[in-house]
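The values are calculated or read from the model by the stated rules, or taken from the named source; none is laboratory data. Worth saying up front: this structure is predicted, and the values here are computed from it rather than measured. Please note: Cβ atoms are built from the backbone with ideal geometry, for glycine as well, and neighbour counts cover all protein chains shown. For the accessible areas, the whole protein counts, side chains as well, though only heavy atoms, and no ligand, DNA or RNA atoms are used. Shrake-Rupley method; radii C 1.70, N 1.55, O 1.52, S 1.80 Å.
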Amino acid sequence: MVYRLLADATAFVHLLFVLYVAFGGFLTWRWPRTIITHVLAVVWGAGSVIVGFDCPLTSAENWARDKAGDSGLPPGGFIEHYLTGVIYPESALGLVRAGVVVCVVVSWSVLWVRHGRTRVRKGALGLTRQ
């Protein structure tokens, strides 16, 4: 029972991570300092898709499911098991990936424009540190 709960909690955290990769850049509009964690998350997420290295959350979920007597995730991992074919059709995978890239680029671009304007405004008011 405990291992099954741990596996489910790991899957939930994994879902939050995937959502953060896709939409976390929009959080930087409110909290600009979180851009560092978002960049790291995007690099990790893109690397796992492009290079294909294993995600430790998948390994943790597989371990917990094994201890609970359940089967682990398929070789394709979390996204293949929980999202592709469930949330969106398998044929739309490329479109979904492109949508994630667009979200990241738009969110970072707007952050860059906002941050640049803030620096200019503060400089004009004499509020910048020397």
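Using the Cβ-Cβ distance between CYS103 and SER59 with R0 set to 30 Å, the FRET efficiency from 1/(1 + (r/R0)^6) comes to roughly 0.65. Counting Lys and Arg as +1 and Asp and Glu as -1 over every other residue whose Cβ lies under 12 Å from the Cβ of ASN62, the net charge comes to -2. Counting only alpha carbon atoms, the long axis of helix 93-124 and the longest principal axis of the chain meet at about 30°. Note on PHE23 and GLU90: the model spin-label points, each 7 Å out from Cα along the C-beta direction, lie 2.7 nm apart. Our helix-only sum for the chain, with -39,500 (n - 2.57) per DSSP H run of n ≥ 4 divided by its residues, gives a mean residue ellipticity at 222 nm of -23000 deg cm²/dmol.
What number comes out for accessible area per residue over the chain if the probe is 1.4 Å? Units Å², please. Before the final figure, lay out each step's value.
Working: 9200 Å² over 130 residues.
Value returned for the chain: 71 Å² of accessible area per residue.
A dipole drawn for the chain from +1 and -1 charges on Cβ atoms has a positive end, and of PRO32, ASN62, HIS14 the residue lying farthest that way is PRO32.
How large is the convex hull of the C-alpha atoms of segment 11-126 per residue, in Å³?
On the way: hull volume 12.7 nm³, N = 116.
Per-residue hull volume (Cα only) is 109 Å³.
Compared with the dominant Cα axis of the chain, that is its longest principal axis, helix 35-50 is turned about 40°.
With a 10 Å radius around each residue's Cβ, average the other Cβ atoms per peptide and rank 21-30, 82-91, 8-17, highest first.
Working: 21-30: 17.6, 82-91: 12.2, 8-17: 15.7.
Output ranking for 21-30, 82-91, 8-17: 21-30, 8-17, 82-91.
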